[in-house]
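The values are calculated or read from the model by the stated rules, or taken from the named source; none is laboratory data. Just so you know, these numbers come straight off a predicted model, no measurement behind them. Neighbour counts run over all protein chains shown; Cβ positions are idealised from the backbone, glycine included. Quick note on the areas: whole protein, heavy atoms, side chains included, nothing else; ligands and nucleic acids left out. Shrake-Rupley method; radii C 1.70, N 1.55, O 1.52, S 1.80 Å.
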Amino acid sequence: MSNLTFGIIKPDAVRAGNHGKIVDRILAAGFKIRGMKLIHQSLKQAEGFYAVHSERPFFGELTEFMSSGPCVVLALEKENAVPAWRELMGATNPAEAAEGTLRKDFASSIGENAVHGSDSEENAAIEIAYFFSKLELV
Ligand code: ADP
Ligand code: MG
């Protein structure tokens with residue numbers, strides 16, 4: 001799985017109609033899309049996905065936001081996919097995100113920050129398996 005990572009185009013970006021532009025940027029950056037679908041998570045699904053953050057003060061806000069509308073889940077392939085995708089995303093807080101990153105261009109706040117990316121190969125595998133069956137990965 002070392003060349004794979006998991007990404008989400010979050011509900012704020014889909015609501016704003018930016019998901020097509022973000023997919024374009026992903027492809028232009030040299031990622032292969034191995035899985036992609038539009039889903040609308042329930043609160044329970046979002047709580048399960050972000051379970052590692054359950055003790056953080058923003059957990060309620062985060063899971064409500066992530067279940068507030070459709071999002072696009074992605075399995076992405078590239079050499080060193082995990083750091084490559086985090087680099088394209090930019091810093092968690094868009095105020096600190098570098099020029100040319102997705103969060104610089106599409107995020108509005110530290111909470112509603114347009115995209116998610118796995119933080120390790122191990123978590124990428126877990127996160128892909130949370131949303132995709134084998135049949136949905138090409
Ligand atoms: P990242 O998404 O860059 O890996 P984290 O794993 O630290 O960042 O946090 C997960 C998500 O939780 C962030 O992308 C963001 O949506 C939300 N979040 C993080 N910090 C805050 C905060 N201080 N206030 C509100 N939401 C936050
Ligand atoms: Mg994270």
Quiz item: Which length gain, in nm to one decimal place, applies between Ser109 and Glu87 when the Cα-Cα distance is subtracted from 0.36 nm times their residue separation?
Solution: 6.1 nm
Self-check item: Relative contact order (%) - criterion: Cα under 8 Å, at least six apart; region: the chain
Solution: 38 percent
Quiz item: Between Phe59 and Asn80, how many nm apart are label points set 7 Å from Cα along the C-beta direction?
Solution: 3.4 nm
Quiz item: If Lys and Arg each add +1 and Asp and Glu each add -1, what is the summed charge of the other residues whose beta carbon sits under 15 Å from the beta carbon of Gln45?
Solution: 0
Quiz prompt | Surface per residue (accessible, 1.4 Å probe) for the chain, Å² | solution = 52 Å²
Quiz item: With r defined as the distance between the Cβ atoms of Glu136 and Leu27 and R0 fixed at 25 Å, what FRET efficiency is calculated, to the nearest 0.05?
Solution: 0.85
Self-check item: Label-point separation, Ala16 to Gln45 (7 Å along Cα→Cβ), nm
Solution: 2.3 nm
Quiz item: How much net charge surrounds Gly90 when only the other residues with a Cβ under 12 Å from the Cβ of Gly90 are counted, with Lys and Arg +1 and Asp and Glu -1?
Solution: 0
Quiz item: What net charge do the residues around Arg25 carry, taking every other residue with its C-beta under 15 Å from that of Arg25, with Lys and Arg at +1 and Asp and Glu at -1?
Solution: +3
Practice problem: Using a 1.4 angstrom probe on heavy atoms only, work out the carbon and sulfur share of the accessible area of the chain in %. | Solution: 53 percent
Quiz item: At a Förster radius of 22 Å, what calculated FRET efficiency corresponds to the Cβ-Cβ distance of Ile126 and Glu99, to the nearest 0.05?
Solution: 0.10
